1. Only one of Thr128, Thr95, Thr118 is hydroxyl-bearing (Ser, Thr, Tyr), within 20 Å of the chain's Cα centre (by Cα) and not in a strand (DSSP E or B). Can you tell me which?
2. Go through the range 1-40 and report how many residues are under 27 Å from the mean Cα position of the chain (by Cα), under 21 Å from Ile75 (Cα atoms) and in a strand (DSSP E or B).
3. Going by what's in this entry, would Ile166 be described as in contact with a strand residue (DSSP E or B) (Cβ under 8 Å, 6 or more places away or on another chain), assigned to a loop (DSSP other than H, G, I, E, B) and closer than 30 Å to Thr132 by Cβ?
4. Please verify whether Glu388 is surrounded by fewer than 14 Cβ atoms within 10 Å (Cβ to Cβ), outside any strand (DSSP E or B) and acidic (Asp, Glu), treating the condition exactly as stated.
5. Looking at (1) in contact with a strand residue (DSSP E or B) (Cβ under 7 Å, 6 or more places away or on another chain); (2) modelled with pLDDT of 95 or more, can you tell me which one Ile149 breaks?
6. Test each condition in (1) part of a loop (DSSP other than H, G, I, E, B); (2) in contact with a helix residue (DSSP H, G or I) (Cβ under 8 Å, 6 or more places away or on another chain); (3) crowded, with 16+ Cβ neighbours inside 10 Å for Leu53 and report the one that comes out false.
7. Might you let me know whether the range 175-191 holds any residue that is polar (S, T, N, Q) and surrounded by fewer than 13 Cβ atoms within 10 Å (Cβ to Cβ)?
8. Mind counting the residues in the range 337-364 that are free of Cβ contacts under 8 Å to residues at least 24 places away in the same chain and either part of a loop (DSSP other than H, G, I, E, B) or of a type in the set (Phe, Trp, Tyr) (or both)?
Amino acid sequence: MKRNYAKVIITEEGEKWLDKGQMWMYRNNLVRVEGQPENGDPVDIETENKRYLGTGFYSECSHIVVRLITKNPHICIDREFFKQRIQFAYDFRKTVEAENLTNCRLVFGEADQLPGLTVDRYNEILVTQISTFGMEKLKAMIYELLLEILREDGQNIQGIYERNDIQVRLKEGLPMEKGFWGGIFLPTTTVIDENGLKLNVDIENGQKTGYFLDQKSNRVLLRQMAHGKRVLDCFSHTGGFALNAAYGNAQTVVAVDVSQTALDQGKANAVLNHLEERIQFVQADVFAYLDQCEAGQYDIIVLDPPAFTKSRKTIHQAYNGYKRINYQAMKLLQNGGYLITCSCSRFMEIDLFEKMLREAAHEADVVLKQVSVTQQNHDHPILWTMEETSYLKFYIFQIIPA
């Protein structure tokens, strides 16, 4: 069936970009628009010689002109189309996150071929973020499908909370807002179970959609090696790594963060798990705290900082920040301790992050013995054809003298 969508004609450079598997078409690759698409409408992407390259959501004002949703020119983009996409995403989580279905990311935007849509589940509540005009126009249907698919599977979902308070919406001409969808009112706090630990989640005011789900499996790696160790959790936030260290029978655990609010939330989580006597919470700037520590004071140091950069323009500054804290930790752990270090910035790419680690190790006069290298949790899948879906880098090393 021939679809009657407006057409976006792109350059040869844009054609090469899409042929590599990219799902975004940028404005600098735009030649012209044929037809009069409304903001958020589906449009077909073609070359000057009429080669079809895909169909996606059109944006009038964003630098990303089209976000692809399919490369099949014969598919009808209707309710059944989106039901199949959401079902596919849900079936993936049932396979890779079977033990964590009540606290996981159900939809991860482009990685699930649903651009501009993020859906996290915290017990009976789904928390959504919509970042594209096209998905915003369809959200009533999308939300109904989410509820239909999960409830058909016997999942008890009471409502949907929108966390559309993200800056990227402004680039699409969308307002920033948050609240329950559909006129319902439910509690905005809940307690999830993450691999045996109880954790408070505030879907209204917490980071991202309420909690950092992407480090679930990585936190367990620390738990498994923490027994009898003295652990320092830097940038501890609400205590995810510190709690896992204490749960894994660490000898001592110190959690350091500059935010007293985050530390108070971490303490509440510790109380919830009867671990309050085993974790010391310290309000301090991590850089300053590491400077006053003594070599050999800790057996394991965790570095899980917030993104030091959210654009390529500030990558040099971020590089220096990552290098400084890793150098500090390596100097403290120079006699066989373990460094757990990560970056959640997609602009701090793997090659650059590893270059930074090598430089820091050289200057600290230590050798990095690799224990493991991982990325984000399975419910945040990575498309190898789209680098933007890969953002979290997580390394564990033993530090030995050079």
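The values are calculated or read from the model by the stated rules, or taken from the named source; none is laboratory data. From a predicted model like this one, the values you see are computed outputs, not experimental measurements. Ideal geometry is used to build each Cβ from the backbone, glycine not excepted, and the neighbour counts take in all protein chains shown.
1. Sole residue among the options that is hydroxyl-bearing (Ser, Thr, Tyr), within 20 Å of the chain's Cα centre (by Cα) and not in a strand (DSSP E or B): Thr95.
2. Of the residues in the range 1-40, 2 are under 27 Å from the mean Cα position of the chain (by Cα), under 21 Å from Ile75 (Cα atoms) and in a strand (DSSP E or B).
3. So Ile166 passes the test.
4. no
5. Going through (1) in contact with a strand residue (DSSP E or B) (Cβ under 7 Å, 6 or more places away or on another chain); (2) modelled with pLDDT of 95 or more one by one, Ile149 breaks only (1).
6. Unmet for Leu53, out of (1) part of a loop (DSSP other than H, G, I, E, B); (2) in contact with a helix residue (DSSP H, G or I) (Cβ under 8 Å, 6 or more places away or on another chain); (3) crowded, with 16+ Cβ neighbours inside 10 Å: (1).
7. no
8. 0
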